[in-house]
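Visitor: Below is the structure I would like to discuss, written out as C-alpha cells.
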Amino acid sequence: MTSPHRNYVSLQAGRGIAALLIVLHHTSTFVGGEPHLWHHPAIARWMMGMQLGVDFFFVLSGVVILTAHWDDINRPRTVATYLYKRFRRIYPIYWIVLIALLLRQFTHLDGASAVDRNPFVVLSSFLLVHIHSSKTNLIVAWTLFHEVLFYAVFATALLSKRLGTIVFALWFALSIVSLFRADMPFPKFISPLHLLFALGMAAAWFLHQHTVPKPALFLAAGAVLFASALLYYGWLGAVVSPTSFVAGIGATLMLLGSAELERQHRIHVPRALAFLGNASYSIYLIHYPIIAAAAHLGFHLDAQLHLPIPFWMLTLAAIGTAAGCILYLCIERPLLRWLGKPITASAA
C-alpha cells in the first residue's frame, strides 16, 4: 500500500495540459465560430474536442480531493479545515476576476448584456450555487458550480464514511441515469459530468491500494482513448455525453499511468509544464475575456496585415495563457500565501 499524501507532479502537469486544451478551444471559437471575426467554421468544428480539457479537470479533481483528504474521511472535526481549503483555493482569485468583469458588464449597458445584470445571476455567480438562475457572469465559471457541488458532497464523507458512501452512491447512480435521460429532476445537481469525479476518485483509490501494472501501457491506452474522443467531437460536430465519458476513462488511464511512472522515477515532468499546472486555475479564469478582447483587436489589425490564420491562433492562445500566468504570479500566488495554509499537509 502506498502513501495517499504524495504530491504527484504529473497531476500538476495534467492540469497544465487541460488548461491549454481549453485555451485552444476558446481560441478556435473566436477564429472559427465568431461570424464578425475571421469566421472559419471548420476550425471551430475540428477543435471542438479541445473542450475535453474540462473533463480532464473533473477527473483530476476526483483524484486530488480524495488523495489530499484520504485520512480526513470519517473525522468530523476536519470538516472546517477542509471547507476552508476549498474556499481558499476557489473563491478569492475567482471573485477578483468576477468583480473586474462585473464592472465592465454594469458600465456597458447594452441589451445583449441585460441578463448579466440580473440580481440572481450575479448572486449565483458570487456563490457558485445556482439560485433561480442557470446563468453565470463569467462564461467559464459554469464548471465551478459542478466543482463546488462535488466539494459539498465530499464533505459528507468527512462527517461520516457511511453517510458519504450513501450520498455518493445515490449521486453517481442518478448521474448514470442522466446519461440516457435528458429530463432528470434537479438538472443543476445531477449531470453525466459528475461521473468524471467518480473516475478520478477510483483512480486515487487504486493508486493508494495497488501498484499500476504496465503503467506505460495505461498511459498510451488512455492517450489513444482521449484523442479518439477529441477527434470524434470534430467529426460529429456536436458534444455528446457518452463520448465525454469515454474521454474521462482515457484521462483516468493516463493519470494512473503517469502517476505510477512518476512513483517509479521513470518519467520527469518539465518544470515549465509543472508551472503551467500551478497557474492553470488563473489561466482558466482569465483567458476567455482576454482572448475575446485580443481577437477583436487582432481582427482589425489583420485588415491591413493579412497574416495567416495559424499565426492568429497561436498568438491569441499565447496571449490568453500569458495573461493567466501573470495573474497567477502577481495575484493568485501571493494571495494564497497571504491567506495561509490551515494545516501542515499540502493544500490540494
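Visitor: Do any helices (runs of 4 or more DSSP H) entirely within region 262-348 hold 1 or more residues that are among the β-branched types (Val, Ile, Thr), and if so, which?
Guide: 280-305, 309-327
Visitor: Continuing with the same structure: State whether one or more residues within region 26-42 are touching a Ser or Thr at 6+ places or on another chain (Cβ under 8 Å) and in contact (Cβ under 8 Å) with a residue 40 or more places away in the chain. I'd like the intermediate steps shown before the answer.
Guide: Residues of region 26-42 that are touching a Ser or Thr at 6+ places or on another chain (Cβ under 8 Å), as a first pass: none.
Checked region 26-42: no residue is touching a Ser or Thr at 6+ places or on another chain (Cβ under 8 Å) and in contact (Cβ under 8 Å) with a residue 40 or more places away in the chain.
Each row is one residue, and each column tells you yes or no for (1) of a type outside the set (Ser, Thr, Tyr); (2) crowded, with 18+ Cβ neighbours inside 10 Å; (3) assigned to a helix (DSSP H, G or I); (4) out of contact with any helix residue (DSSP H, G or I) (no Cβ under 6 Å at 6 or more places or on another chain).
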| site | (1), (2), (3), (4) |
| --- | --- |
| Phe87 | yes, no, yes, yes |
| Val97 | yes, yes, yes, no |
| Trp142 | yes, no, yes, yes |
| Thr165 | no, no, yes, yes |
| Ala173 | yes, no, yes, yes |
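Visitor: For residues that are part of a helix (DSSP H, G or I) and of a type outside the set (A, V, I, L, M, F, W, C), tally how many sit in region 187-236. Even if it seems obvious, please write down each step before you answer.
Guide: Kept after step one, since they are part of a helix (DSSP H, G or I), are these residues of region 187-236: 194-209, 215-236.
Next cut, of a type outside the set (A, V, I, L, M, F, W, C) only: 194, 200, 208-209, 215, 222, 228, 232-234.
Adding up the residues that qualify gives 10.
Visitor: Quick check: is even one residue across region 46-63 surrounded by fewer than 21 Cβ atoms within 10 Å (Cβ to Cβ) and either more than 26 Å from His194 (Cα to Cα) or free of Cβ contacts under 8 Å to residues at least 24 places away in the same chain (or both)?
Guide: no
Visitor: All but one of (1) buried (at least 20 other Cβ atoms within 10 Å of the Cβ); (2) within 24 Å of Gly248 (Cα to Cα) hold for Trp70, so report the exception by its number.
Guide: Trp70 satisfies all of (1) buried (at least 20 other Cβ atoms within 10 Å of the Cβ); (2) within 24 Å of Gly248 (Cα to Cα) except (1).
Visitor: Check Leu37 against each of (1) within 28 Å of Gly234 (Cα to Cα); (2) touching a Leu at 6+ places or on another chain (Cβ under 9 Å) and name the one condition it does not meet.
Guide: (2)
Visitor: Does region 245-299 hold any residues that are among the polar types (S, T, N, Q) and surrounded by fewer than 20 Cβ atoms within 10 Å (Cβ to Cβ), and which are they?
Guide: Narrowing region 245-299 to residues among the polar types (S, T, N, Q): 252, 258, 264, 278, 280, 282.
Across region 245-299, the qualifying residues are Gln264, Asn278.
Visitor: Now a separate question. I'm checking my understanding of the structure. Among residues of region 176-186 that are in a loop (DSSP other than H, G, I, E, B) and without any contact (Cβ under 8 Å) to a residue 24 or more places away in the chain, which one is nearest to Leu128 (Cα to Cα)? It would help to see each step written out before you state the result.
Guide: Step one: filter region 176-186 for residues in a loop (DSSP other than H, G, I, E, B), giving 179-186.
From what's left, without any contact (Cβ under 8 Å) to a residue 24 or more places away in the chain: 180-186.
On the way: Phe180: 26, Arg181: 25, Ala182: 23, Asp183: 23, Met184: 21, Pro185: 20, Phe186: 16 Å.
Residue satisfying both the conditions and the ranking: Phe186.
Visitor: Starting from residues that are outside any helix (DSSP H, G or I) and among the β-branched types (Val, Ile, Thr), keep the ones in region 99-135 and report whichever is modelled with the highest pLDDT. Break it down stepwise before answering.
Guide: Our first condition is that a residue be outside any helix (DSSP H, G or I); within region 99-135, this holds for 108-110, 118, 128-135.
Then keep just the ones that are among the β-branched types (Val, Ile, Thr); that gives 129, 131.
On the way: Val129: 95, Ile131: 92.
The selected residue is Val129.
The values are calculated or read from the model by the stated rules, or taken from the named source; none is laboratory data. It should be emphasised that the depicted structure is a prediction, and the values quoted were computed from it without experimental measurement. Because the Cβ atoms are built from the backbone with ideal geometry, glycine has one as well, and the counts that use them run over all protein chains shown.
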